[in-house]
Amino acid sequence: MGVWEGDFVEATKCPECGSTKLKKDESRGEVICGKCGLVISEDLIDLGKDWRSFDSDQFEKRARAGSPKKYVKLNKGLVTMIDRKGRDLRGNKLSTQGKAQMYRLIKWHKRTSVSSSMERNLSIALTELRRIASYLNIPESLVEASALLYRKTVEKGLIRGRLIEAVVAAILYAVCRTYQVPRTLNEMAEASGLTKKEIGRTYRFLVRELKFDVPLTNPVHYIPRFATELNLSGEVQEKGREIIEKAIKKGLISGRGPTGVAAAAVYIASLLLAERRTQKEVANVAGVTEVTIRNRYRELKKELGIDVAA
């Protein structure tokens, strides 16, 4: 199949020349230094499938394994599910007695799959996790990461005495911050039906106990979402990003809420590029007050020397 062009591994260095540009030769199962040619590793295992398909029919015929493990499912997607179609293996309809027997099997199958207290807890939590993630439009990969983290939290016994909904919201909030897809505490509170105080307290507890290394939220990450919801152009997004970057260099965001700073930057950018939005419109999208936007607006305008009339 040849060398994976452009596939460079930055995690390790070449022991010979110190270069970090390492490339994989898929045909030989080797990792080679792209600078001096030293073979750093060999006999790599190819984890990909050994067959190809060109349409869905070929895929179904050639596939020899099931779907991948999914932590967001109660049994990680590895359990056998009994079909409710009411037909036998040959496709013939079951008799009334056969259907009744099948429905009893399905009922007891569901009951036995949630037998322990941990499984019951996971059943409630993972359902709540999917609901909040759907409400906030959070990517599937982050939902999977949150589900895995919740399972670890349960194993460590950290959920005792705490609301399941609060733990789920706190974990989802932490994962979103880690992967730079920020959601505010206000949004988490609205989606979960809890208070910001409850989610924040649970979040701080989990960060301390699990030793999270959660990065500080960069206001830049809020710019695209706010601009999109306000129907602003890409030029406004870029201008808002520039304002935030200048503010960071001058140390103007220290001690300020990232959403307020981002909202003020979007507001200023909309004025500069003649796509004016009112402070009330921006405040509603960002989930902050108009007073906060006015305060951040005045600070940015004064410290960065921006010439704009509100």
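In table form, for the structure just shown:
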read-out: Number of the exception - residue 225 against (1) over 17 Å from the mean Cα position of the chain (by Cα); (2) in the same structural domain as residue 263 (by TED's automatic domain parsing); (3) surrounded by fewer than 22 Cβ atoms within 10 Å (Cβ to Cβ); value: (1)
read-out: Which listed residue is small (Gly, Ala, Ser) and touching a residue at least 60 places away in the same chain (Cβ under 8 Å), from 263, 274, 286; value: 286
read-out: Helices (runs of 4 or more DSSP H) within region 193-278 that include 1 or more residues modelled with pLDDT under 90, farther than 30 Å from residue 160 by Cα and in contact with a helix residue (DSSP H, G or I) (Cβ under 9 Å, 6 or more places away or on another chain); value: 223-229, 234-249, 258-272
read-out: Of all residues making up region 210-222, the number that are surrounded by 12 or more Cβ atoms within 10 Å (Cβ to Cβ) and either among the charged types (D, E, K, R) or within 21 Å of residue 246 (Cβ to Cβ) (or both); value: 6
read-out: Count of residues meeting criterion [without any contact (Cβ under 8 Å) to a residue 40 or more places away in the chain, in a helix (DSSP H, G or I) and more than 33 Å from the chain's Cα centre (by Cα)] in region 289-310; value: 3
read-out: Residues that are under 17 Å from residue 291 (Cβ atoms) and of a type in the set (Val, Ile, Thr), drawn from region 242-263; value: 259, 261
read-out: Matching option when the condition is under 16 Å from residue 210 (Cβ atoms), in contact (Cβ under 8 Å) with a residue 24 or more places away in the chain and either touching a Ser or Thr at 6+ places or on another chain (Cβ under 7 Å) or outside any helix (DSSP H, G or I) (or both), among 183, 160, 177, 151; value: 177
read-out: All positions within region 106-148 that are over 11 Å from residue 171 (Cβ atoms), among the polar types (S, T, N, Q) and assigned to a helix (DSSP H, G or I); value: 112, 113, 117, 121, 123, 127, 134, 141
read-out: Residue in region 87-129 that is surrounded by the most Cβ atoms within 10 Å (Cβ to Cβ), counting only those that are under 18 Å from residue 148 (Cα atoms) and among the charged types (D, E, K, R); value: 128
read-out: Answer from 50, 46 - the residue that is under 29 Å from the mean Cα position of the chain (by Cα) and modelled with pLDDT under 75; value: 46
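The values are calculated or read from the model by the stated rules, or taken from the named source; none is laboratory data. Treat the numbers as computed from the prediction; the structure is a model and nothing was measured. Neighbour counts are summed over all protein chains in view; Cβ atoms, including those assigned to glycine, are modelled from backbone coordinates with ideal geometry.
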